[in-house]
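The values are calculated or read from the model by the stated rules, or taken from the named source; none is laboratory data. Small disclaimer: the values here were computed from a predicted structure and weren't measured. Note: ideal-geometry Cβ built from the backbone for every residue, glycine included; neighbour counts use all protein chains shown. Calculation scope for accessible area: heavy atoms of the full protein, side chains included, ligands and nucleic acids excluded. Shrake-Rupley method; radii C 1.70, N 1.55, O 1.52, S 1.80 Å.
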Amino acid sequence: MAHPTPVPKTPGRSEVIWVPHAPDLPDVLSERAHTVIRWTLTVAGGLVYGYWTAAINRAGGPITGWNILLGFVSAVVFMAALTGVRALAPRLRRELHATTWAVFAGIAFGFIYSQSGASILRCCLMSLPVAGAVGALTFYRYYTHEDAEGHRNR
């Protein structure tokens, strides 16, 4: 249930305006649990990305050693890049924060798409809408949940 929060009086106004305010939700999990979940999702995402890369690259053919190597290397690079973005992006202003996620998503999609044998121009053109959509969605989220300096609104 939303509880009203009084807004301070402003010059020229004598009455107090009541604004609905949602109370802060309790954090059910500990910081350690959040860390374990963050690393689990990073590793799982990397493994899925690596498997997906190898599957697209082999195009239904036999599984080879090079194909397995490509999958593992792709998974490790994806996990490292994701860890880097998660460490760097929150320290940036909301515009650069969203741009960092957009670039990450665009590059990740472009590399996966390149494994299908498409030209580099087509890969770049296909990854632009993905990066644009991720950039727009993350900018909206950060614009509505952070102030201009990047501090979370509470």
Query raised in the report: Going through segment 56-65 one residue at a time, which ones are touching a helix residue (DSSP H, G or I) at 6+ places or on another chain (Cβ under 9 Å) and either of a type outside the set (D, E, K, R) or within 15 Å of V43 (Cβ to Cβ) (or both)?
Result: I56, N57, G61, I63, T64
Query raised in the report: On the given criteria, is I120 surrounded by fewer than 14 Cβ atoms within 10 Å (Cβ to Cβ) and in contact with a Ser or Thr (Cβ under 9 Å, 6 or more places away or on another chain)?
Result: yes
Query raised in the report: Could you give every pair whose Cβ atoms fall below 6 Å, whose first residue belongs to segment 92-104 and is in a loop (DSSP other than H, G, I, E, B), and whose second residue is open to solvent by less than 80 Å² (accessible area, probe 1.4 Å), counting only separations of at least 6 or pairs across chains?
Result: R93/G150
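Among A80, A105, which is the only one that is crowded, with 16+ Cβ neighbours inside 10 Å and either in contact with a strand residue (DSSP E or B) (Cβ under 9 Å, 6 or more places away or on another chain) or small (G, A, S) (or both)?
The conditions single out A105.
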Requested in this report: Please go through segment 44-55 and pick out each residue that is surrounded by 17 or more Cβ atoms within 10 Å (Cβ to Cβ) and either more than 23 Å from the chain's Cα centre (by Cα) or closer than 16 Å to Y113 by Cβ (or both).
Outcome: Y49, G50, T53, A54
Query raised in the report: Looking at S74, S116, which is the one that is at pLDDT 90 or above and outside any helix (DSSP H, G or I)?
Result: S116
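Hey, does segment 23-37 have a residue that's at pLDDT below 70 and over 30 Å from T83 (Cβ atoms)?
Looking through segment 23-37, at least one residue is at pLDDT below 70 and over 30 Å from T83 (Cβ atoms).
Yes/no matrix, rows are residues, columns are (1) at pLDDT below 90; (2) open to solvent by 40 Å² or more (accessible area, probe 1.4 Å):
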{"residue": "I68", "(1), (2)": "no, yes"}
{"residue": "R94", "(1), (2)": "yes, no"}
{"residue": "W101", "(1), (2)": "no, yes"}
{"residue": "I112", "(1), (2)": "no, no"}
{"residue": "C124", "(1), (2)": "no, yes"}
{"residue": "S127", "(1), (2)": "no, no"}
{"residue": "H151", "(1), (2)": "yes, yes"}
Report summary line: Being of a type outside the set (G, A, S), assigned to a loop (DSSP other than H, G, I, E, B) and out of contact with any Pro (no Cβ under 8 Å at 6 or more places or on another chain) narrows I56, I107, I63, I68 down to just I63
